Amino acid sequence: MPPLSTVVVLSARLGSVLPAAALPVLRSAAAVYTDADLPWSQAGAAPVPSPDKLAAQAAAEAVVLLTHDPAGAAAAALVGAGAEVITVAEPAGAALLDAVAVMDRLRSPGGCPWDAEQTHSSLRQYLIEETYELLDAIEAAI
């Protein structure tokens, strides 16, 4: 039986944060590959080879793939070859980071001019209307 390979699915929100469960497999892997958009090449990870080459290598030795895309061709090739999948558990409230990123983009230079000039006082007039929209959304979801 060939050594078990592993696909480590990283959170797009949390960047290159590794789950603790990935550390032992990274230490014992014959090769570690990473998607081009991840910074792990600086730590010795190589660019991902073709899915066929990756699956063939995984049949002979333990390899690890660090990726943001669990549905990508390389991940699918390893999973098809019986690889274990480890994912990053996002902390409660991590999705709030998405809203913060949108607000930052809108209010930063080059963002939305209307949003950039708003203050608490200027937005006050929209509070009741937005509150009714929130109540409608909650009632529709129930």
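Here the stretch 78-120 has 63 percent of its accessible surface on carbon and sulfur atoms, given a 1.4 Å probe and all protein chains in place. Note on D104 and E133: their simple-model spin labels are 2.4 nm apart, each label 7 Å out from Cα toward Cβ. For the stretch 17-130, the relative contact order is 21 percent, taking Cα pairs closer than 8 Å that sit 6 or more residues apart in sequence and dividing their mean separation by the residue count. For the pair the stretch 92-142 and the stretch 49-74, the centres of their Cα atoms are 41 angstrom apart. Treating r as the C-beta distance of R124 and L96 and R0 as 22 Å, the FRET efficiency rounds to 0.40. Here each label is just a point 7 Å from Cα along the line to Cβ, and for D52 and A116 those points are 5.1 nm apart. Principal semi-axes of the equivalent ellipsoid, √(5λ) from the alpha carbon gyration tensor of the stretch 1-79, are 18, 14, 11 Å from largest down. Placing unit charges on the Cβ atoms only, positive for Lys and Arg and negative for Asp and Glu, gives the chain a dipole magnitude near 640 debye about its Cα centre.
Coordinate range of the alpha-carbon atoms in the chain per principal axis, descending: 67, 39, 26 Å.
The values are calculated or read from the model by the stated rules, or taken from the named source; none is laboratory data. Remember, predicted model here, so these are calculated numbers, not experimental data. With ideal geometry, Cβ positions are generated from the backbone for all residues, glycine too; neighbour counts draw on all protein chains shown. SASA here: full protein model, heavy atoms, side chains in, ligands and nucleic acids out. Shrake-Rupley method; radii C 1.70, N 1.55, O 1.52, S 1.80 Å.
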